[in-house]
1. Quick check on segment A:129-172: take the gyration tensor over C-alpha atoms, sort the square-rooted eigenvalues as a ≥ b ≥ c, and tell me if it's rounded (a/c under 1.5), prolate or oblate.
2. Averaged over A:172-179, how many beta carbons belonging to a partner chain fall within 10 Å of each residue's beta carbon?
3. Please report, for B:D144, the nm distances (one decimal) from its label point, 7 Å out from Cα along the beta-carbon direction, to the equivalent points in the remaining copies, shortest first.
4. So the label point sits 7 Å from Cα along the Cα-to-Cβ vector; using that for B:G169, what distances do you get to the other copies, in nanometres, sorted shortest first?
5. If the reach is capped at under 13 angstrom between alpha carbons, list the aspartates and glutamates near B:K171, excluding any in the same chain fewer than eight residues apart.
6. Lys and Arg at +1, Asp and Glu at -1: add these up for the other residues within a Cβ distance under 12 Å of A:N83 and post the number.
7. Once you put a point 7 Å from the Cα of A:Y107 and another 7 Å from the Cα of A:T162, both along the Cβ direction, what distance in nm separates them?
8. For peptide B:103-116, what's the mean number of Cβ atoms from other chains within 10 Å of each residue's Cβ?
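The values are calculated or read from the model by the stated rules, or taken from the named source; none is laboratory data. Remember, it's a predicted structure, so these values are computed and weren't measured experimentally. Here Cβ is always computed from backbone atoms with ideal geometry, including for glycine, and neighbour counts include all displayed protein chains. Areas reflect the complete protein model, heavy atoms only, side chains present, ligands, DNA and RNA absent. Shrake-Rupley method; radii C 1.70, N 1.55, O 1.52, S 1.80 Å.
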Protein chains: 2
Amino acid sequence: MGSSSAAPWKQLLIGSIQANSHLKHYSYFQLATISPNSRPSNRTVVFRLMISSTAHLLRYAGISLNREQFRISGPVDVIDGMNPDPVKLQQREKSWFACSLRSRMQYMAPTPRVSVYEQASQTQTPSLDPSIGPVGAFCLLVLDPDQVDYLNLKTNERLIFTSGLGVDGEKLWTSQNVNP
Amino acid sequence: MGSSSAAPWKQLLIGSIQANSHLKHYSYFQLATISPNSRPSNRTVVFRLMISSTAHLLRYAGISLNREQFRISGPVDVIDGMNPDPVKLQQREKSWFACSLRSRMQYMAPTPRVSVYEQASQTQTPSLDPSIGPVGAFCLLVLDPDQVDYLNLKTNERLIFTSGLGVDGEKLWTSQNVNP
């Protein structure tokens, strides 16, 4: 057990991503949340590594890389166009323009989970001006990790990284070697 | 939208598993649950297809197969050795013997998530009699699906199967074509 103000799991994760970048499915991860009806919900999403300038925000949640597993958890900030924080709005816009045009078009698709018969079919394919900023449906999800559970299936090593607050209110990480 | 007492998604899933059985990672899936501290929790587990004789119990939760996604949800019955139902105890025992000896040994490993320093290291490798039934730590998880969300990323078709009760109290499945 040790403590550090730098996130010690981050180098582990970045190294693992780089070592596995030749794998096709490395860019997907699973994001688990709790639905309004109190049920666990899960989906496979595209992994877009974007480390913010504040260096402690990463936008993902749980990653399996070859024989290594990272289970990252923490509160998620959902940033839509109505967010009062100009810095967050800027992050959202930056993420929008970082998406391909094809990805951006997906946010103009008919409402997910609505019956295909209920919604009037569009008479024409929506067009999108590449210079236009994020559409209303586009939200940026920022996960602020407070626990990272790392499992190496090759060595059977398991490390749990937990964040707490230091005496000056700064984020402090501790790590612990636990049984797999 | 239609309704049926047979589970219409099951054939879809079995077909997809068979079509993808050549893929190495087809035997893993993600299981999301809610932790006692009300957080979503996720883990990758080995997929063991076991259809019970009652034909509506399947023991898994969420599967991604190549370009098809199945998100299966429903209540989970955790069957341990203290379960009062003899049929369930028998299912648990059957699952135990269906595991390889190596898999069974894992249930005799030191308690997961406990510090490697806290638990006294074992002086000898535990041995396991192949004819002995399930150890105390072995639980069988039975998921009784009440919703299956199917997404085909090739055709962009999405189907939501939902179960309800028929007039005679039997399980009835309805399906709906929805926007992806």
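1. Taking the square roots of the gyration eigenvalues as a ≥ b ≥ c, segment A:129-172 is oblate.
2. 4
3. Computed spacing set for this position: 4.1 nm.
4. List, nearest first: 6.1 nm.
5. B:D144, B:D146
6. -2
7. For A:Y107 paired with A:T162, the spin-label model returns 3.7 nm.
8. For this peptide, the per-residue mean of nearby foreign Cβ atoms is 3.
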